[in-house]
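Let me begin by presenting the structure, written as C-alpha cells, before commenting on it.
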Amino acid sequence: MSTLFKNTVPFTNRSIVVLPFVNMSNSSDNEFFSDGITEEIINALTFVKGLKVIARTSSFAFKNKHIDVREIGTQLGVANVLEGSVRVVNNHVRITAQLISAVTGMHYWSKNFDRELKDIFKLQDEVSLLIANQIRENFGHLEIQDHLVKQSTRSFTAYELYLKGRYEQLQWTPDALLRAIEYYDKAILQDNQYARAYYGNMQCYGLLAIWGYMPKEIAMDKAITNMAMGKEIDTNLPEYTQAFVGKTFWGEWNFKAGYAFILETLALNPNYIDGLEAMAELCIALGFFEIAEEYAQKLLEVDPISANNRYTLAHIFYYQRNYESALDWVEKALEIRDDLELANHLKVLCLVQLKDEQQLLTFIANRPLEKYQKLLYQAVNGTLYVTEETLEDWGDSHMAPAQLAPYELYILANAGYKKEAFTLLKQYVQQKRGQLINYRQEPLLAPLHEFAEFSELHQSNLFLEDIIEKPKALVKPKVEDAVLEGLHQQLITYFEEEKPYLDTQLTLTSLGESIGMHPNRLSYLINEFLEVNFNEFVNAYRLTHFKAIAVLPENAHLTLLALAYDSGFNSKTVFNTYFKKAEGKTPKAWLKEQQ
C-alpha cells in the first residue's frame, strides 16, 4: 500500500479529517471556492469540544492524492474521513458529503445538499452539525453547540473575494501575501463590516513587517488600522485575540501580555493552530523547552503533516543542543516542503554544529547564501579571518530590511570578533527583529554571553512559574446520578411504549426533540451514564425486535434483510456487522438454530 508520509500519530475514535472537497464546477477557477468550503467545515468542527479535527495543512496534503482512506486514517490517527465535492452553477451550489470509517473503509453516512449561494453559511452550519452528530452517535459523547457557523458577511461577493484572499495568504510567500491583501481590500469594498477580511489584512501586513518585506512602520501601521476596524465589528473570533498576540509578543517582545492573549485565543478555540504555535514559540524564546515541546506535540497531533510544525519541534531540539534530533525533524519538514526557507536555514545550522562539512557543502551548493554559510562553518571551526573591510561592511547588516537568518552576526560571534558581534546584536534587539527573538537560546551566540550587558539587552516580564498550570479541582458531574437515573427510566419507557427505534432515520437530535431533552444532555445520559454509544443503544432494541419477528411463522416468506429493515436497520452492512458482534454468529446461522 502506497503512503504519502511516513509518520503516524496516536489514534482516537472521536476524530476526523475533512479531505479537500473536489471542485466539480465547470471552471477550474472555482478551486478556491471548494477549498474554502473545506476549510470552513474544518474550522467549524474545531469548536466541538472533545472532537479531534485534523487541521487544514495536513488535510490538504492529500489533495489530488489517490490514497486508501484506511492509510490516511493510520497516518493521521483518525477514525473518520469526510469526503465531498462542490459544484457551482449560476446562483446555486450542490455539496455532496460522505463519512467513511478510516478503520474499515466503509461508508456509513452520505447526503446531498442543493442550496442557493446566498444561503452558503446556513449550509456550512447544517453540514458541520450533521457530521458532528454522526460522530457522536457512533463514537461517544460530545458537547455540540446549536450552531457552528455564523454568517460572517451579508455579501456573497465579499465572501468569494475573502476566500480568494485566504487561498493566496496560505501560500506564505511575500508576493502571495500582497495578492491576498488585494482580495481582502476588495472584499471590504463589498462589505465594510466584514471582520474576517480586516483580520486577514492584519495578519498579512504583520508578516510582511516582521520579516522585513515592507517598511516596518508602514506595514505595522496598516496592520494596526485593520485590527482596529475588525475589533469594532467582531471580537468573538480567535483572529481578534491572536492579533494582539502578534502585536505584543512578536511586535513588542512583551511576553507577559502576549501570553495572556494566547490564553484568550485558546479559550475561544483550544485547537486553533496559530494560538498553539504562538505558545510554543513564546516558550522557546524564554527557554521553557519542556512546555514548548508539549505545545509542539499538540500541534503535530492536530496537524501532523505540516512542515512548519515539524520545523518548530526541530528548533526546540536545536536550542537544547540536541543537533541530531533537530536535524532529523528538520529533514522531516523538508520532506513536505523543500522550499521552506526557515527549515533550510536550520538544516545549515545543524550541519555546522555537527561539523558535517561534506553534507553541508553538498546541501548549500549554488544556493544564494552559500558564501555566508561556508564562512559560518569556518568561523565555528576556528579557521576564518575576517578583513577590516568586511568588518566595516557588516557593521551595517542590521539595516538590511529582509533577513531570515543573520549570518553576519553568527560569523562575527564565532570568528573572534565578539565586540563587533555584540554591537550588532544590540542593534537587532533594539529593533526587536523577529529573527532574533530567540537570541538568548541561540548556540551560535553563546560566545557573547561573557558580556555583562548580555542579560540586560531585554528583560522578560514572564517567568516559568507564571506558565506552569496549577492543579485543577475535580469537576463534579453536570447532572447528579439520581437525576440521570430518572432520565434513564424516562428514556426506557419511551422506547418500550413508542418503539422509536423502528424509524430507520432516527437520530439523537430527533429523539431528543421527541422526549423534550436537549441532545447534549441525551448524549451525556447514553454515552457517559449508560456507557454505550447512541447507535449501539438503538441497535440493541432493533436486534431484539428482529429476533422476535424472525421466528414468527407468518414471516417465513420474508428475507432476513427485509425483516432487518422492518426492525429499523437501514443498512445491510450495519445489520450484519452488529448482529455478528452481538450474537457471535451470522443472522442466517442464528435463525437456523432457532428452527
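Things to note:
- Taking first residues from the stretch 182-195 that are assigned to a helix (DSSP H, G or I) and partners that are acidic (Asp, Glu) and surrounded by fewer than 21 Cβ atoms within 10 Å (Cβ to Cβ), the Cβ contacts under 7 Å between residues at least 6 apart in sequence or on separate chains come to 195/234.
- Candidate set from the stretch 343-358 (those that are crowded, with 20+ Cβ neighbours inside 10 Å and of a type outside the set (Lys, Arg)); member that is farthest from residue 300 (Cα to Cα): 352
- Of all residues in the stretch 140-154, none satisfies being among the basic types (Lys, Arg) and assigned to a helix (DSSP H, G or I).
- Put simply, of 342, 313, 375, 349 the only residue that is touching a helix residue (DSSP H, G or I) at 6+ places or on another chain (Cβ under 8 Å), part of a helix (DSSP H, G or I) and over 30 Å from residue 290 (Cβ atoms) is 375.
- Unique residue being of a type outside the set (Asp, Glu), surrounded by 15 or more Cβ atoms within 10 Å (Cβ to Cβ) and either at negative phi or out of contact with any Lys or Arg (no Cβ under 7 Å at 6 or more places or on another chain) (or both) when the list is 500, 553: 500
A quick yes/no check of all residues on (1) at pLDDT 90 or above; (2) closer than 28 Å to residue 27 by Cβ; (3) crowded, with 20+ Cβ neighbours inside 10 Å:
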| residue | (1), (2), (3) |
| --- | --- |
| 75 | yes, no, yes |
| 85 | yes, yes, no |
| 91 | no, yes, no |
| 107 | no, no, no |
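- Subset of the stretch 279-299 (residues that are among the β-branched types (Val, Ile, Thr) and touching a Phe, Trp or Tyr at 6+ places or on another chain (Cβ under 9 Å)): 284
- Test set (1) among the aliphatic types (A, V, I, L, M); (2) in contact with a helix residue (DSSP H, G or I) (Cβ under 7 Å, 6 or more places away or on another chain); (3) at pLDDT below 90 - residue 123 fails condition number: (2)
- Flag not set for residue 257, criterion: over 27 Å from residue 317 (Cβ atoms), surrounded by 24 or more Cβ atoms within 10 Å (Cβ to Cβ) and either under 18 Å from the mean Cα position of the chain (by Cα) or small (Gly, Ala, Ser) (or both).
- Residue 328 passes every criterion in (1) at pLDDT 95 or above; (2) within 23 Å of residue 204 (Cα to Cα); (3) among the acidic types (Asp, Glu) apart from (2).
The values are calculated or read from the model by the stated rules, or taken from the named source; none is laboratory data. The shown structure was predicted, so the numbers you read here are calculated from the model rather than taken from an experiment. Using ideal geometry, Cβ is built from the backbone for each residue, glycine included, and neighbour counts are taken over all protein chains shown.
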